[in-house]
Amino acid sequence: MRLAEAAAVGRAYGASLLSFLVDGTPRPFSATFALTNRCNLRCEYCNYPYLNPKDLDFEQVDVILRRLQAMGVRRLGLAGGEPMLRKDFGHIIERGKELGFFVAVNTNLTLYERFSERLKSVDLVYTSLDGDADAHRAARGSKAYDGVLEAIVDLLQARIPVIAICVVTEHSVDQAEHLLQQAERMGFRVHFQPQCTDTTIVRGHVPDTVSNERWRAFWRGLLEQKKKGRPILSSTSYLRFLAEWGDFAVSAIYDATQKCAAGRGFLYIDPHGDAYACPYVKGKAEPINLLTNDWREAWNRQTPCTRCMVGPMLEFNLLFQRPMASALEAARSYW
């Protein structure tokens with residue numbers, strides 16, 4: 001992240017944090033925009049390909065991007081489904097850069113060889129790696145590994161940082177060492193996140209073949225590896241939180257003593273322009289359509305859950321729950 005971009009994101013985060021602490025008008029600094037539900041893969045824990053495949057056109061996407069800019073968002077995540085399936089994806093990234101966003105993209109990279117030019121302006125790429133070829137394909141399908149490592153090499157050579165996301169399932173729970181060695185050889189970092197359940201965008205369930213204590217031991221092990229300087233992007237606070245989570249078959253709970261930063265510090269927009277406090281509450285909360293409404297005025301500030309283990313959402317929430325430790329670590333990680 002360049003210094004000017006880091007400063008802009010930092011200022012936006014500061015405004016979000018202040019608003020969160022005083023319970024003021026929502027000031028999200030980050031937004032994830034799922035540009036399409038369509039995907040060329042069928043991962044066993046993802047429901048996006050089975051949702052409405054209709055996409056917004058470029059002009060409608062632009063309306064939403066300008067609305068996000070106006071409300072103070074400076075970090076923009078573009079995701080799907082598989083966003084590389086959109087022919088105008090490269091133009092959307094460029095428009096995001098024109099509007100001053102730090103633009104991160106989440107893609108499985110299997111289409112990179114055909115459409116690499118669509119990522120030429122991006123600031124950061126997240127991709128999926130659940131372990132070695134067998135482990136990755138077990139959860140994501142026979143073609144899910146094809147071209148991914150080659151794409152990572154190409155992106156890194158172009159000085160575009162890459163973060164691999166490992167969804168921790170029964171297939172990948174023994175794959176951390178393989179991934180970390182691979183990351184050390186190639187020069188990327190890894191974010192580990194639990195498999196989540198009970199929301200519109202995911203499917204399947206956490207199998208009872210792995211005990212809760214085994215899951216907790218996994219996160220404790222990662223925490224020790226992070227202390228040794230291994231290339232783990234997941235924050236220390238995040239790993240400690242997951243090492244103490246009670247039941248990994250339950251992804252989120254409502255705790256009246258906790259206030260979630262979803263909707264205040266970050267939000268999620270689906271492929272039809274419907275905004276939610278976070279992707280996990282889709283199907284549980286009423287959306288605000290950003291083509292016609294301002295999130296800050298229309299959102300009721302209510303969330304159906306306040307504590308969760310949902311990977312990226314937990315990391316964002318910790319930026320507000322434990323701002324000193326989490327923000328400093330995030331700044332070091334992305335600089």
Task: Fluctuation leader among ASP154, ASP198, ASP208 - the chain, Gaussian network, Cα springs under 10 angstrom - done: ASP208
Task: Sites LEU21 and GLU98, calculated FRET efficiency, Cβ-Cβ separation with R0 35 Å, nearest 0.05 - done: 0.65
Open item on the list: Could you tell me what a quarter of the Cα convex hull surface of segment 182-236 works out to, in nm² with one decimal place?
Closed with: 5.1
Task: Average projected area [Cα convex hull, the chain], square nanometres - done: 15.1
Task: Cross-link partners of LYS120 among aspartates and glutamates (Cα-Cα below 12 Å; sequence separation of 8 or more within a chain) - done: GLU94, ASP154
Open item on the list: For THR25, THR199, which order do you get if you count the other beta carbons within 10 Å of each Cβ and list the fewest first?
Closed with: THR25, THR199
Open item on the list: Starting from 0.36 nm per residue, how many nanometres of slack lie between ALA243 and ASP57 once their C-alpha separation is accounted for?
Closed with: 62.7 nm
TODO: Please give the per residue volume of the convex hull enclosing the alpha carbon atoms of segment 1-95, rounded to a whole number of Å³.
DONE: 134
Open item on the list: Which trypsin sites (Lys or Arg not before Pro) in segment 233-332 sit in a loop by DSSP (not H, G, I, E or B) and have at most 15 other Cβ atoms within 10 Å of their own Cβ?
Closed with: LYS284, ARG301
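Quick one: length gained pulling LEU149 to GLU117 fully straight, 0.36 nm per residue minus the C-alpha distance?
9.8 nm
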- [ ] Just list whichever of LYS54/LYS284; LYS226/LYS284; LYS54/LYS87; LYS259/LYS284 have alpha carbons separated by over 25 Å in the model shown.
- [x] LYS226/LYS284
Task: Radius ratio Rg over Rh of segment 140-191, counting only Cα atoms, Kirkwood formula for Rh - done: 0.97
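Every read-out reported here was derived from the displayed coordinates using simple, explicitly stated rules and does not represent laboratory data. These numbers were taken from a predicted model, which means no experiment stands behind them. Positions of Cβ are backbone-derived with ideal geometry, glycine not excepted, and every protein chain shown enters the neighbour counts.
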